[in-house]
Amino acid sequence: MDALRKNIWLLFLLLVLSSTVLLISISVSRWNSLTEYYRVSQQGLAAQWFGAFSSILEQQEVILSLMGEDLLLRGADRPEDLRARLDDLMNLNPDFFSGFALISPQGEVLERTSNLDSDVTNILDAPEVRDSFAYALETDKMVLGRTYLTPRLVVPARKAIRNNQGEVIGVMTGALSVTGADGYFSQGHVLGRFNRVTILRSRDHYIQYATSDALVKNFHEQPMPPSAYGNLMQILQDVSEPASSGARSGLTSTAFRWDAGEERGMVRGVAIYHPRYEFWLISEIEDAFLIREFLEIFASYLLVLLAFTVSMYLLFRYIDRIEKGRRRELIFQANHDALTRLPNRNYLISTFDEWMHEKPAFSLLFIDLDSFKGINDNFGHSIGDGILVELAKRFRANTSHNELLVRHGGDEFVFLTAGSDRDQNEQRAAALIYQACDNIRAFNMTFSPGCSIGIARFPEHGAQLDELLRASDIAMYEAKKKRNSVASFRPSLEDHYLQRIRIEQLLRGAEERGEIYMTYQPQIDAAGQLHGVEALVRWRHPELGLIPPDQFIGVAEQSGGMGKLGNYIIDQSLGQIQTLCQRYKMQFKLSINISVRQFAEADFAEDFLKKLKNVGMPVHAVCLEITENLLIEDLEHFRGVLQTLHSAGVRIALDDFGTGYSSLSILRDLPIDELKIDKSFVSNIMSDDTSLKMVKNIINIGRIYEMAILAEGVETEAQRQILTDCGCDLFQGYLFARPMAIDALEKYIQDEASKPGPNVSIHSTT
């Protein structure tokens, strides 16, 4: 996910770079197209001006030539008509032509139009026209003079008139109006205020005409500086291009760019040279204008790019936030339990190093709920989940900054606590945990599951997490023996833990290997007759020898192997006892201890009744023994199972009565047929008045509820006598017989069957 997040911003960076490159490319292209557009526009404009101006000059030259020849050659005999004829010519277009004059080769004004009255009788006396007049005498072409005011701005043109011998007989002068409504240049348009059209004479570097949107003031008074003119000519020679389509044949247009001085700066334009009339027609645009126009266009591009970049940034930031949120959620999911939202084992592993380095000593509490499987099995997993969620809330509310609560899995929690006084911290944590487990509401029901807590300390009991978890787990199993209690790890517990692990491993498949077998201990009535037998399971391992039931029954229950072992015990007991009953034509009553794990099975009652039917054992000949602790697991569920069995005829016995937490209401509500007095009371009945009173109370309770009373662990005749005097019905213990294999039981039954008395009954237990 981190790589994806980085790639997103890398993609954004590439997108920005690509957009920037695209902006630069488009801008460069737009600049080139802009300059090319104005270059082409100036070429067209220059060609248009050049063509029109050249045409008017050619027309002017023809007029001057014809008129001069007519006046000087053919009209010499009528000199009095010169002015009238000049006036007539000018009146043809008085706004376009400003006047005509006929001048002798010596500069004397022979005649002029009426509007040109002047004191000047010889134009050689006017320095501004002297040069062009002298040049007109030397050439056959029309010569343009310096532009001047008369009072309108005019362009003078002079044409020498020659006789047949080629001698100059006079000079015809005409003034072309530049300004005015009908002036020639009033019809010429420019591209805008940014565009200047200039007509520059190459012979003397004077500007014939210069305009932008309005006429440039005083352009005609001074020639162009030689350095500026030289630079311009050098540039025009270096960048000469072919003539544009609008230029006259044989003429060329030249695109150029040069520094026009401080006032105008860099300019670019197009120039066309007229070799006959010796002028340059130049169209110019300042770079500053192009730059301003380009910047306006570039600003729009940049604005679009910025808008695109900002929108992309917002989009990528949104995506990044989503990815960060998903990443946080994935990390949270990886390190937290989905149900309780508590940190899980992965989180514990990832943070354990910090605890080791930051806290020199701390305690690890391993918490396992008691009876939680029964809640799940009988009320459904939704109820169990609700309990876990509520527990998590309560645990979290009581967790300080110096503590860590983790759901380790299932109904197991791990609680880390650190502080200067570890004993006090452990006691406080245990008290809070027990308080949290009390009266938990889930789906309008209240539960108090209780819990067993195992404590391990760092670094005494382990320097690594697995070592501490193992030590606390061992301590927790020690606490499980008492239920709802706390146990701290001791090295001696590890031996028991390893022994339990080994037993758990060896127990798997022990039935198939023939290591599990049944023994039976007789039960005697008050008359001394055999009433039944209790079936007791035994395990003889090839290496470990005989392993007592109290060492492997609990292991089978905790490891999940009790279902298979319990079915084996039931099948073996029913089969063996029914065989004896049929062989000796007797009715034996069999008592079988049933584990809480067996009762928790959904179809236990139906399966058990089916087994009785399959082996042919009468239902009333079997008694199932249950303990008080079994009832504590889930009374409502077990009540239904017991009712089903009792209604079918199976007898129910409550084993170890008086050692657990049973109340009289349980005896009243449950279908109990028999109470069994625990061996701990019988052993002390001779020396302990409390034990004797307890025995009497149990017998009296049994009488009240019309239950049979059986005393376990009877080893002496004196014990039997006291029990008989108290009203005990049945007896079981070494005084009568030890547990025996099926063969020994058969011999025992043969001996008992030969005695006079009631039918023999046989009971069986695990």
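The values are calculated or read from the model by the stated rules, or taken from the named source; none is laboratory data. Note that this is a predicted model, so its numbers are computed, not measured. Here Cβ is always computed from backbone atoms with ideal geometry, including for glycine, and neighbour counts include all displayed protein chains. All accessible areas refer to the heavy atoms of the entire protein, side chains included, with ligands and DNA or RNA removed. Shrake-Rupley method; radii C 1.70, N 1.55, O 1.52, S 1.80 Å.
Condition check ((1) free of Cβ contacts under 8 Å to residues at least 60 places away in the same chain; (2) at positive phi; (3) crowded, with 16+ Cβ neighbours inside 10 Å) across all residues:
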{"site": "ARG668", "(1), (2), (3)": "yes, no, no"}
{"site": "ILE677", "(1), (2), (3)": "yes, no, yes"}
{"site": "VAL695", "(1), (2), (3)": "yes, no, yes"}
{"site": "ILE709", "(1), (2), (3)": "yes, no, yes"}
{"site": "GLN719", "(1), (2), (3)": "yes, no, yes"}
{"site": "THR724", "(1), (2), (3)": "no, no, no"}
{"site": "PHE731", "(1), (2), (3)": "no, no, yes"}
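Residues that are open to solvent by 80 Å² or more (accessible area, probe 1.4 Å) and of a type in the set (Ser, Thr, Tyr): does region 314-322 have at least one? Yes: one or more hits.
Summed over region 168-196, residues that are at pLDDT 90 or above and either in a loop (DSSP other than H, G, I, E, B) or closer than 20 Å to VAL270 by Cβ (or both) total 0. Among the residues making up region 700-759, those that are out of contact with any helix residue (DSSP H, G or I) (no Cβ under 8 Å at 6 or more places or on another chain) and among the β-branched types (Val, Ile, Thr) are ILE704, THR716, THR724.
Within region 620-630, the set of residues being buried (at least 16 other Cβ atoms within 10 Å of the Cβ), modelled with pLDDT of 90 or more and not small (Gly, Ala, Ser) comprises VAL622, CYS623, LEU624, GLU625. Scanning for something in a helix (DSSP H, G or I) and closer than 14 Å to SER488 by Cα, does region 431-447 turn up at least one residue? The answer is no; no qualifying residue exists. Does any residue of region 583-605 turn out to be small (Gly, Ala, Ser), in contact with a strand residue (DSSP E or B) (Cβ under 8 Å, 6 or more places away or on another chain) and at negative phi? Checked region 583-605: at least one residue is small (Gly, Ala, Ser), in contact with a strand residue (DSSP E or B) (Cβ under 8 Å, 6 or more places away or on another chain) and at negative phi. Scanning region 465-512 for residues that are touching a strand residue (DSSP E or B) at 6+ places or on another chain (Cβ under 9 Å) and not in a helix (DSSP H, G or I) yields a total of 10. Just wondering, is there one or more residues in region 274-281 that are open to solvent by 70 Å² or more (accessible area, probe 1.4 Å) and in contact with a helix residue (DSSP H, G or I) (Cβ under 9 Å, 6 or more places away or on another chain)? Looking through region 274-281, at least one residue is open to solvent by 70 Å² or more (accessible area, probe 1.4 Å) and in contact with a helix residue (DSSP H, G or I) (Cβ under 9 Å, 6 or more places away or on another chain). Figure legend. Inter-residue proximity from region 425-436: first residues of a type outside the set (Ser, Thr, Tyr), second residues assigned to a helix (DSSP H, G or I), beta-carbon distance below 7 Å, spacing 6+ or different chains. Indicated pairs: ALA436/LEU391; ALA436/ARG394; ALA436/PHE395. A Cβ distance below 7 Å, combined with a sequence gap of six or more or placement on separate chains, defines the contacts here; from region 392-419, residues that are closer than 19 Å to GLN464 by Cα and open to solvent by 40 Å² or more (accessible area, probe 1.4 Å) reach residues that are of a type in the set (D, E, K, R) and not in a loop (DSSP other than H, G, I, E, B) in the pairs HIS408/ARG345.
For region 350-366, the criterion of being more than 30 Å from ARG597 (Cβ to Cβ), among the β-branched types (Val, Ile, Thr), open to solvent by 40 Å² or more (accessible area, probe 1.4 Å) and in a helix (DSSP H, G or I) is met by none of the residues.
Residue-level analysis places ILE762 outside the set of residues that are at pLDDT 90 or above, touching a Cys at 6+ places or on another chain (Cβ under 9 Å) and within 30 Å of PHE638 (Cα to Cα). Among the residues of region 284-303, some residue qualifies, meaning at least one is open to solvent by less than 60 Å² (accessible area, probe 1.4 Å), at pLDDT 90 or above, touching a Ser or Thr at 6+ places or on another chain (Cβ under 8 Å) and part of a strand (DSSP E or B). Residues in region 346-395 that are charged (D, E, K, R) and farther than 24 Å from PHE489 by Cβ: LYS373, ASP377, ASP385, GLU390, LYS393, ARG394.
Return the only residue of SER33, SER41 being open to solvent by less than 40 Å² (accessible area, probe 1.4 Å) and hydroxyl-bearing (Ser, Thr, Tyr). Matching residue, one of SER33, SER41: SER41.
Being under 27 Å from ALA134 (Cβ atoms) and at pLDDT 80 or above holds for only one residue in PRO79, PRO105, and it is PRO105.
Taking every residue in region 467-480 that is free of Cβ contacts under 8 Å to residues at least 24 places away in the same chain and pairing it with any residue that is in a helix (DSSP H, G or I) and open to solvent by less than 30 Å² (accessible area, probe 1.4 Å), at least 6 positions away or on another chain, the pairs with Cβ-Cβ distances below 7 Å are ILE474/LEU493. When the test is whether a residue is of a type in the set (A, V, I, L, M, F, W, C) and modelled with pLDDT of 85 or more, MET586 does not pass it. Got a sec? Which of SER488, SER448 is modelled with pLDDT under 85, open to solvent by 50 Å² or more (accessible area, probe 1.4 Å) and either out of contact with any Leu (no Cβ under 6 Å at 6 or more places or on another chain) or of a type outside the set (A, V, I, L, M) (or both)? Exactly one of SER488, SER448 is modelled with pLDDT under 85, open to solvent by 50 Å² or more (accessible area, probe 1.4 Å) and either out of contact with any Leu (no Cβ under 6 Å at 6 or more places or on another chain) or of a type outside the set (A, V, I, L, M) (or both), namely SER448. Of all residues in region 367-386, those being in contact with a helix residue (DSSP H, G or I) (Cβ under 7 Å, 6 or more places away or on another chain) and either farther than 18 Å from ARG428 by Cβ or surrounded by fewer than 18 Cβ atoms within 10 Å (Cβ to Cβ) (or both) number 9. Within region 515-541, the only residue that satisfies the criterion of being modelled with pLDDT under 90 and open to solvent by 60 Å² or more (accessible area, probe 1.4 Å) is ALA527.
Filtering region 40-54 to residues that are within 60 Å of the chain's Cα centre (by Cα) and either touching a residue at least 60 places away in the same chain (Cβ under 8 Å) or under 12 Å from HIS189 (Cα atoms) (or both) leaves SER41, GLN42. Within region 116-161, restricting attention to residues that are in contact with an Asp or Glu (Cβ under 8 Å, 6 or more places away or on another chain), surrounded by fewer than 19 Cβ atoms within 10 Å (Cβ to Cβ) and charged (D, E, K, R), the residue that is nearest to LEU200 (Cα to Cα) is ASP131.
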